[in-house]
Amino acid sequence: MRTDERFSRQLGILNPDDLREEVLVIGAGGIGSWTVMMLSRLGFENITVYDDDVVNEVNLGYQFFRDKDIDRPKVEALRDIIQDFSKMEIKIKNEKYVGGVYKDIVVCSVDSMKARHEIWSKVKMNPLVKCYVDGRMGAEVMRLYTVNPTDVDNIELYEKDLYPPEEAQQGDCSFKSIAYNVGTISSFIVNNIKKYLMDGTHDRELFFDLKSMAMVRR
């Protein structure tokens, strides 16, 4: 159990014992970088992040990186930022995730449907994965799935919007991005993970349009 003073204000909201759950975040871009930051702020102790990309100037407007991180591998820059902000150590892999052990909580924060299909093919019906989270965004719209990948009803719900890669629009998921949408969806992701850990009452599907403030929850 974490007893650090920095986490004392969240006692009663999040069980400190749950912070030992393993969290695998695939993708360290807009959604992934902010989600890792928030998870580390809560005190999650076992976070692993995969990404093979580097920080570009275009990323700085909405991803959790600094000017001095330009041309650095995203995972290395994120590791240093998390250490500075949260004093937490995250495990990093400067490579594309192509397989391996998925365990506990998996967060899919990639920017293509092709990558989602590849990840889902390894997560679906995997008994080691308790909670699978897929966050998608574009401009001021976000969609979030938080499902049990071994539950038949959850699988049906998720796969209805797991459309083929060839049907994806050019620049799918992150062609237009703005910081407050990334912050919003990352907050929902971490909140749903907290709900899953505490009592399992999370939304399986959530759609939110920040421009119109329209929301759909299931």
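Just a few scattered comments:
- The range 89-110 residues that are under 15 Å from Glu45 (Cα atoms), paired with ones that are of a type outside the set (D, E, K, R) and assigned to a loop (DSSP other than H, G, I, E, B) (beta carbon under 6 Å, 6 or more apart): Lys103/Leu128
- Strands (runs of 3 or more DSSP E) contained entirely in the range 26-138, each with at least 2 residues that are touching a strand residue (DSSP E or B) at 6+ places or on another chain (Cβ under 8 Å), surrounded by fewer than 22 Cβ atoms within 10 Å (Cβ to Cβ) and polar (S, T, N, Q): 46-50
- The residues on offer are Val106, Val147, Val129, Val152, and the sole one that is in contact with a Lys or Arg (Cβ under 8 Å, 6 or more places away or on another chain), modelled with pLDDT of 95 or more and more than 21 Å from Tyr62 (Cβ to Cβ) is Val147.
- Complete set of residues in the range 1-51 that are small (Gly, Ala, Ser) and over 30 Å from Arg116 (Cβ atoms): Ser8, Gly12
- Inter-residue pairs, beta-carbon under 6 Å, first farther than 20 Å from Thr146 by Cα and in the range 169-190, second crowded, with 23+ Cβ neighbours inside 10 Å and at pLDDT 90 or above, 6+ apart: Ser177/Gly30
- Top-ranked residue of the range 139-150 - restricted to ones that are crowded, with 22+ Cβ neighbours inside 10 Å and of a type in the set (Val, Ile, Thr), ranked as nearest to Ala214 (Cα to Cα): Thr146
- Among (1) within 26 Å of Gly99 (Cα to Cα); (2) at pLDDT below 95; (3) in a helix (DSSP H, G or I), the one test that Phe7 misses: (1)
- Scanning the range 59-76 for residues being closer than 21 Å to Tyr180 by Cα and within 19 Å of the chain's Cα centre (by Cα) gives a total of 8.
- Meets criteria (surrounded by 14 or more Cβ atoms within 10 Å (Cβ to Cβ), at negative phi and part of a helix (DSSP H, G or I)) for Asn181: yes
- Residues that are touching an Asp or Glu at 6+ places or on another chain (Cβ under 9 Å) and either closer than 13 Å to Asp111 by Cβ or of a type in the set (D, E, K, R) (or both), drawn from the range 34-55: Glu45, Asp51, Asp52
- Looking only at residues in the range 1-25 that are among the charged types (D, E, K, R) and more than 23 Å from Val129 (Cα to Cα), the one that is surrounded by the fewest Cβ atoms within 10 Å (Cβ to Cβ) is Glu5.
The values are calculated or read from the model by the stated rules, or taken from the named source; none is laboratory data. Quick caveat: nothing in here was measured; it's all calculated off a predicted structure. So basically every Cβ, Gly included, is an ideal-geometry build from the backbone, and we count neighbours across all protein chains shown.
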